[in-house]
1. For the pairs Lys62/Lys115; Lys84/Lys153; Lys85/Lys162, flag any whose C-alpha to C-alpha distance is greater than 32 Å.
2. I want the local charge near Asp45. Using Cβ-Cβ distances under 12 Å, sum +1 for each Lys or Arg and -1 for each Asp or Glu among the other residues.
3. ³J(HN,Hα) across region 123-137 via Karplus (A = 6.51, B = -1.76, C = 1.60, θ = phi - 60°), whole Hz, x for Gly/Pro?
4. For Cα pairs less than 8 Å apart in space and 6+ apart in sequence, what is the mean separation divided by the residue count of region 2-86, i.e. the relative contact order in percent?
5. Please report, in debye to the nearest 20, how large the charge dipole of region 2-86 is about its Cα centre when each Lys and Arg carries +1 at its beta carbon and each Asp and Glu carries -1 there.
6. Looking at Ala10, Leu54, Met23, which one has the Cα that reaches farthest to the positive end of the dipole of region 2-86 (charges on Cβ: Lys, Arg +1; Asp, Glu -1)?
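Every read-out reported here was derived from the displayed coordinates using simple, explicitly stated rules and does not represent laboratory data. Because the structure is a prediction, the values reported are computed rather than measured. Heads up, the Cβs are rebuilt from the backbone with ideal geometry, glycines too, and the neighbour counts pull from every protein chain shown.
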Amino acid sequence: METEVLVRKAKQGDKEALVQLIMAQKQDYYKLAYVYMKNPEDAMDVMEDMIVLLYENIGRLKNESSFYSWSKTILVNCCKNSLKKRSRVVLLDTLREEAGDDPVGRKDEELLLEKHLERLNIKHQEAIRLRYFMDMDYQSIAELLKVPVGTVKSRISIGLSKLKAVLGGEEQ
């Protein structure tokens, strides 16, 4: 109920209402952006882009109760657009630096997993990251990506099968 009231106020131009809506879910937004961008600064940049787009387009939102799913979809699109524009490769050394305070063994495992995950089709990567890094359920992933639940399950299954085949073939 509170969300719908704030959305109505934001639609009428109340910037504070929009700020309250965003702040209520700021951790979720950041986690989602970080899963895509893999870098704190880039995650914050795409969140800024999302906020601008939310402010400019809030009037187009038809159902006030779906603000958060709508805004997260905008965030995912901002992440994808940013990654397309940059079309850059994240160096493993950069990942190692960002993982700074983790135990050495854990960093190596994460880097190995990341290295193999990067080899997958982008759609498989996306589904696996949302499911296992963001702990989202299939239905939420389907709504966010605007695909059927069966497609999400298929992408995760295929992606995991490919990961298992690659990881099973290496000595650990």
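1. Lys62/Lys115
2. Net charge around Asp45: -2.
3. Karplus values, whole Hz, x for Gly and Pro: 5, 5, 4, 4, 5, 5, 4, 5, 6, 9, 8, 9, 6, 8, 7.
4. Relative CO of region 2-86 lands at 34 percent.
5. 340 debye
6. In region 2-86, that residue is Leu54.
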